Amino acid sequence: MMSKILVTGSVGQIGSELTMVLRGIYGNDNVVAGVNRTQPGEKLRDSGPWEACDCTNTDLVDSVVKKHKIDVIYHLAAILSAVAEAKPDLAWKVNIDGLYNVLEVAREHGCAVFVPSSIGAFGPTTPLDDTPQDTIQRPTSMYGVTKVAGELLCDYYFKRFQVDTRGLRYPGIISNETLPGGGTTDYAVEIFYEAIKHKKYTCPLGAGTFLDMMYMPDAIDGAIKLMEAESGKLKHRNAFNVTAMSFDPEILAAEVKKYIPEFTMDYNVDPVKQGIADSWPNNMDDSEARKQWGWEPKYTLPVMVKDMIEVLSKKLG
Ligand code: NAD
Ligand code: SER
């Protein structure tokens, strides 16, 4: 059966690319781009339907789902970690109330729901090396609090109401189409723009800050593969550890230098971002995702850096 899909937060870093890939697979008319206040860009607007869909407004989400007979929701609308720390009230409203609204609408209309969690769902008491799938989750950031609660809420809707909820704990996502929306891992994208434009970058995270990362094509493949997986094979559903690489700013800068030898990096550590990053895993164990639904990322650090430099050099002239 052909899916009718709604993507909330479709103009964001992940949504702007995921929506286009979904349109390529399922047909342009079958994928609705849900936007908050901003109009979608030309690419999204001209290639398929779009709707105003503020997830904090249940009636609006309900009317979009009814109007387009939606049966799968990729719920990407969220407030990311650094912004959430500055605006915890907004983070709660969007990440918790918004998710609750989407799950309620999904329950009412029988939709499956993809909800990304994050490395932010872990905290300082989590084992930070080879972080297991099932472990201590006591995050100390507002973002993390909303992500853990979101994972639990999605599990609850599956167990109690049989809503087909699924999710991934994404690491920092690196991409070249839309800039990241205010997270702790944004440095791993900004560094490329600054290296190409100015040959130097001031990093807000200190040397030795190891974090999991992933290139956008793998993030998109993972989401679609999980949503297409046979339900009976999923023991965890919400949410799977997934990673593709782990590095610190020094390692990334050295890789960038291979293409831009004059590139230099210094540090101006942001204490809020550093505090968050220090409480997140250095590298996650994603063997359950590999076992249960065949997770297999394609992009290693060197391949990702080569592609980022090539694409952004063309884009930035
Ligand atoms: P983003 O900030 O780039 O995009 C989020 C979008 O949500 C924005 O376009 C924003 O306008 C929209 N939005 C905000 N409030 C809204 C509301 N009330 N109603 C509807 N839309 C609203 O974020 P992203 O990087 O694309 O992240 C998507 C999801 O993936 C989020 O759940 C995020 O926590 C998760 N995630 C992202 C990363 C990453 O590195 N990008 C890593 C881990 C998890
Ligand atoms: N990239 C995200 C952030 O830093 C991780 O969830 O907020």
Given +1 on the Cβ of Lys and Arg, -1 on the Cβ of Asp and Glu, and no further charges, what dipole in debye does the chain carry about its Cα centre, rounded to the nearest 20? 520
Cα-based convex hull volume of region 1-130 per residue, rounded to whole Å³: 132
Hey, what's region 160-317 come to in accessible area per residue, 1.4 Å probe, Å²? 41
Rounded to the nearest 5, the percent of antiparallel DSSP beta bridges in region 1-135 equals 0
For a distance above 16 Å, tell me the whole-number percent of Cα pairs in region 183-268 that qualify. 60
On the formula 1/(1 + (r/R0)^6), with r taken between the Cβ atoms of VAL269 and LEU312 and R0 of 35 Å, the FRET efficiency rounded to 0.05 is 0.90
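So if each residue of separation counts as 0.36 nm, and I subtract the Cα-Cα distance between ALA86 and SER287, what length gain in nm does that give?
Gain on extension, ALA86 to SER287, equals 68.9 nm.
Relative contact order of region 1-86: what whole-number percent is it, with Cα pairs under 8 angstrom and at least 6 residues apart? All intermediate terms of the calculation are to be shown ahead of the outcome.
Values: 136 pairs, mean separation 31.8, N = 86.
RCO, region 1-86: 37 percent.
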Using the charge dipole of the chain (Lys, Arg: +1 at Cβ; Asp, Glu: -1 at Cβ; taken about the Cα centre), state which of GLN133, LEU153, GLY41 has its Cα farthest towards the positive end. GLY41
Quick one: Cα centre-to-centre distance for region 263-317 and region 169-227, in angstrom? 5
Choose one answer from GLU288, GLU228, GLU104: the residue with the largest mean-square fluctuation in a GNM of the chain with alpha-carbon springs under 10 Å. GLU228
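Going by accessible area, probe 1.4 Å, with all protein chains left in place, what is the ranking of THR135, THR146, largest first?
These residues rank, largest area first, as THR135, THR146.
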From the protein chains alone at 1.4 Å, what is the descending order of accessible area for SER63, SER117, largest first? SER63, SER117
SASA check, HIS236, accessible area w/ 1.4 Å probe, all protein chains in place, rounded to nearest 10 Å², comes out at 40
Can you work out the accessible area per residue across region 1-121, with the rest of the protein chains kept in place, probe 1.4 Å, in square angstrom? 42
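Can you give the direction-averaged projected area of the convex hull of the alpha-carbon atoms in the chain, in nm²?
Averaging across all directions leaves 15.0 nm² for the Cα convex hull.
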Taking 0.36 nm per residue of separation and subtracting the Cα-Cα distance, what length does fully extending ILE224 through ARG138 add? 28.1 nm
Taking the DSSP beta bridges in the chain as the whole, what percent of them are antiparallel, to the nearest 5? 10
Check GLN13: other-chain or 5+ apart residues with amide H under 5 Å from its amide H, H built from backbone geometry? GLY181
What figure in square angstrom, to the nearest 10, would you give for the accessible area of ARG23 with a 1.4 Å probe? 0
Find how much the distance from TYR193 to TYR259 grows on full extension, using 0.36 nm per residue of separation minus their present alpha carbon separation; answer in nm with one decimal. 22.4 nm
Under 23 Å from the Cα of LYS291, which lysines turn up, not counting those fewer than eight places away in the same chain? LYS159, LYS225, LYS233, LYS235
Return the FRET efficiency for the residue pair ASP62, TYR26: r is the Cβ-Cβ distance, R0 is 25 Å, and the value is rounded to the nearest 0.05. 0.70
For a quick check: with amide H placed at 1.01 Å from N, whose amide H comes under 5 Å from ASP130's, ignoring anything fewer than 5 positions away on the same chain? ASN283
At a probe size of 1.4 Å, how large is the accessible area of ARG166, to the nearest 10 Å²? 10
Projecting each Cα onto the charge dipole of the chain (Lys/Arg +1, Asp/Glu -1 at the beta carbon, about the Cα centre), which of ILE79, GLY110, THR19 comes out farthest on the positive side? GLY110
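The values are calculated or read from the model by the stated rules, or taken from the named source; none is laboratory data. Please read all numbers here as calculations on a predicted model, not as lab measurements. Every residue, glycine as well, gets a Cβ built from its backbone with ideal geometry; the counts of neighbours run over all protein chains shown. When the accessible area is computed, the model is the full protein with side chains, heavy atoms only, and any ligands, DNA or RNA have been set aside. Shrake-Rupley method; radii C 1.70, N 1.55, O 1.52, S 1.80 Å.
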